[in-house]
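Here's the structure, in structure tokens; my notes come after.
The values are calculated or read from the model by the stated rules, or taken from the named source; none is laboratory data. These numbers come from a predicted model, not from an experiment. Cβ placement follows ideal geometry from the backbone for every residue including glycine, while neighbour counts extend to all protein chains displayed. The accessibility values were calculated without ligands, DNA or RNA, using every heavy atom of the protein model including side chains. Shrake-Rupley method; radii C 1.70, N 1.55, O 1.52, S 1.80 Å.
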Amino acid sequence: MALDIVLADEAATIRFGEDMAMALKRGDYLALSGDLGAGKSTFSRAVIRTIADDAFLEVPSPTFTLVQSYALRIPVAHFDLYRIADAAEIDELGFDEALAEGICLVEWPQKGEGVLPAGGIALTFTHEGDGRRVAIDGPEPALARIRRSLAIRAFLDEAGYRNATRRHLTGDASVRAYEHVYAGGTRHVLMDAPRHTPGPILANGKYYQQIAHIAEDVKPFIAVGRHLASRGLRAPAIYEADIEGGILLIEDLGSESVLDQEGAPIAERYLESAACLAHMHGQAFARELPVTDGIVHTVPDFDRDAMQIEVSLLTDWYLPWKRGTPASEEERQDYIAIWDGLIDSLSAAEHNLLLRDFHSPNIIWRPEAHGIDRVGIIDFQDAMIGPSAYDVASLVQDARVDIAGELADGMLARYLSLREKQGGFDRDRFIRDWHVMAAQRNCKLAGIWVRLMQRDGKPAYMRHMPRTFRYLTRALSHPDLAPLRVWCEKAGILATES
């Protein structure tokens, strides 16, 4: 359904341009129609400055140059076709190339009729009183993105942040996205976490997210974050929440990472992160966590079904990609049986709250704080109850970073030393379980990288594949994992990737 928006003044037009910029993605084409002075150029300038994250970026009119290009996070090309004599000139302006690489804003699109592609986002500006009205039409997926961005603006307005400035922060491998929100001289983080769209049913009437216990709304984030804070860990405070809409305004813990400017691990910060886990695992966990009055989140178990559905990503996605043919039924059944045995063995492992992705993208370093308070944790909505060794494996074998053996050994040693001081800790048992959990995580990741590339159009994650198999090789060095190591060798995957 088309959208119709009234903009009271130029400030509202600029704010609307900002909201539209947050909804756009590579390959979007905006056809901007309207009389002179109707607001097309003001809108375009706001879009470009938002994507550039530069409120003072010089954005000249392309009236005489016909096109202005901007090499931004997403490249933007701003076209003005008013002066072209023939639509065929558009080819000479490089429109197709610009659209393939980024976003195209086109003023006077009627001059390109017959040449410009169908399926763009059409915005028609008309004067209305002291302001203007904008009619928006286009493909439903694009309109859905725009409606979502406008809903976020409405959320901020209703929460008292009417003049807030929005800027892209990051997305992740899921449907979640994050923004910086500037209001009253303070920077916050906005989490945009719409409910997952159900996938195909895989087993027992459930789809992947349900079997793997992936959070489907923001309730787990609220509940687990408060629980972590109650245990002396640093999770962001939550300022405003639309639980049903999947929008949270949360504390900005900063922008410092556990990595240096070259992307290499900073040993002190990783060692303190290991201490953070030791602190958490030394305390009892709770399963029933309050969200709001009357709403309780029950933390799920990292159960057999969840572990098996994750490791099946290796046979379902990685092997077909690597070899060009699916895994044989015999391979699949042998693999499942091996993991069934390993999962059985974990029943005696130490269990605690399992954050799931405790590694560099999700750790904020807070240099102004002290001790483990320097370790800010920002991704924990998928937390489960499971072997405490899992998060230690996630940190020591950071999926996004090459961790040298010396640092890896140092993190394990620091964690083990702190746990032994707490008493009642079985060091040998933990090390054994660490190897099992490291193998489980890396088998999962090998399949995830391929799935992100093939299903989700995110090939950049494939750069992590060699590291994943180096980590897997270390995990398989424990004698108890010999059957899995033999299976991997027969499948021909260790030697080719490690």
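Assorted remarks:
- Computing FRET efficiency as 1/(1 + (r/R0)^6) for Ala144 and Asp96, where r is the C-beta to C-beta distance and R0 is 30 Å, gives about 0.70.
- Total charge dipole magnitude, the stretch 1-145, about the Cα centre, Cβ charges on Lys, Arg, Asp, Glu only, Debye to nearest 20: 280 debye
- When all protein chains stay in place and ligands, DNA and RNA are ignored, the 1.4 Å accessible-area order of Arg132, Arg26, Arg356, Arg45, largest first, is Arg26, Arg45, Arg132, Arg356.
- Counted charge near Ile136, where neighbours are those whose Cβ lies closer than 10 Å (Asp, Glu -1; Lys, Arg +1): -1
- Taken over the stretch 1-92, the convex hull of the Cα atoms encloses 129 Å³ per residue.
- Nearest-0.05 FRET efficiency for Ala284 and Asn163, computed from C-beta distance (R0 56 Å): 0.80
- Residues of the chain: accessible area per residue with a 1.4 Å probe, Å²: 43 Å²
- Approximate spin-label separation Tyr239-Ile201, in nm, with each point projected 7 Å along Cα-to-Cβ: 4.4 nm
- The distance from the alpha carbon centre of the stretch 223-242 to that of the stretch 372-427 is 20 Å, rounded to a whole number.
- Of Lys25/Lys206; Lys206/Lys490; Lys219/Lys421; Lys25/Lys458; Lys25/Lys322, those spanning more than 23 Å from alpha-carbon to alpha-carbon: Lys25/Lys206; Lys206/Lys490; Lys219/Lys421; Lys25/Lys322
- Between helix 267-281 and the chain: long-axis angle, C-alpha atoms, 0 to 90°, nearest 10: 70 degrees
- The chain: angle of helix 465-475 to the longest principal axis, Cα-based, in degrees nearest 10: 20 degrees
- Between the stretch 10-61 and the stretch 458-491, the alpha-carbon center distance in angstrom: 47 Å
- Local electrostatic count, Ile372, Cβ distance below 15 Å [Lys/Arg +1, Asp/Glu -1]: +3
- Option label - semi-axes √(5λ) of the Cα gyration tensor in Å computed here, alternatives [x] 46, 27, 20; [y] 31, 27, 23; [z] 41, 23, 20: [x]
- Between the stretch 70-108 and the stretch 269-314, the alpha-carbon center distance in angstrom: 49 Å
- Free of any chymotrypsin sites (Phe, Trp or Tyr not before Pro) that DSSP assigns to a loop and that have at most 10 other C-beta atoms within 10 Å, the longest stretch within the chain is 65-498.
- Once the C-beta distance of Ser61 and Glu10 is scaled by a Förster radius of 22 Å, the resulting FRET efficiency is 0.90 to the nearest 0.05.
- Restricting the stretch 156-188 to trypsin sites (Lys or Arg not before Pro) in coil, as DSSP defines it, with at most 15 other Cβ within 10 Å: Arg162
- Counting only residues at least eight positions apart within a chain, or on another chain, the lysines with an alpha carbon under 18 Å from that of Lys111 are Lys40.
- Each of Ser69, Ser312 has its accessible area taken with a 1.4 Å probe; listed largest first, they run Ser69, Ser312.
- Within the chain, antiparallel bridges make up roughly 75 percent of the DSSP beta bridges whose residues both belong there.
- Taking Cα atoms only, the orientation of helix 427-454 departs from the longest principal axis of the chain by about 30 degrees.
- Accessible surface ranking that places the most exposed of Lys206, Lys458 first, with a 1.4 angstrom probe: Lys206, Lys458
- Taking a ≥ b ≥ c as the square roots of the eigenvalues of the alpha-carbon gyration tensor, the stretch 346-498 is classed oblate because a/c is 1.5 or more while a/b is no larger than b/c.
- Rounded to the nearest 10 square angstrom, Asp357 shows an accessible area of 40 square angstrom against a 1.4 Å probe.
- Net charge of neighbours whose Cβ lies under 13 Å from the Cβ of Thr50, counting Lys and Arg as +1 and Asp and Glu as -1: +2
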